[in-house]
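Read the structure below first, then the notes.
The values are calculated or read from the model by the stated rules, or taken from the named source; none is laboratory data. All of these numbers come straight from a predicted model, not from anything done at the bench. Ligands, DNA and RNA are excluded from the accessible area calculation, which covers all protein heavy atoms including side chains. Shrake-Rupley method; radii C 1.70, N 1.55, O 1.52, S 1.80 Å.
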Amino acid sequence: MKFKPQNRYLLVKTQTQEDAENTGVLLPEGYVSPKDKYVLATVLDSANDCKRESNLGVYINGSRIIIDSSMVEAVSMAGERYEIVLENYVVG
């Protein structure tokens with residue numbers, strides 16, 4: 001199944017941060033490191049009504065963008081998981 005974003009959404013693949021090397025520092029059990037506010041993502045597809053990327057009128061597939069990580073939505077459909085974000089939350 002091919003997922004096509006609509007209504008100014010971008011289909012993205014966020015970059016997962018690699019776990020830091022084992023530094024020998026002991027942390028309490030259950031400790032979760034704070035998430036970064038922004039994350040690097042790659043544009044996989046965009047809605048036709050997205051406003052910009054150069055003068056083309058749409059985001060270029062494969063472009064790398066910085067987005068607000070708290071606004072990434074996960075959509076599961078037919079056994080596949082997609083990450084989408086509204087273009088308003090692209091910061092760079």
>> Can you find, within the stretch 54-89, the residue that is least open to solvent (accessible area, probe 1.4 Å) among those that are more than 26 Å from residue 1 (Cα to Cα) and at pLDDT below 90?
In response: 54
> What are the residues in the stretch 58-74 that are outside any loop (DSSP other than H, G, I, E, B) and of a type outside the set (Ser, Thr, Tyr), if any?
Replying inline: 64, 65, 66, 67, 68, 71, 73, 74
> Can you pull out the residues in the stretch 1-39 that are more than 21 Å from the chain's Cα centre (by Cα) and modelled with pLDDT of 70 or more?
Replying inline: 24, 25, 26, 27, 28, 29, 30
>> Please verify whether residue 42 is among the hydroxyl-bearing types (Ser, Thr, Tyr) and modelled with pLDDT under 90, treating the condition exactly as stated.
In response: no
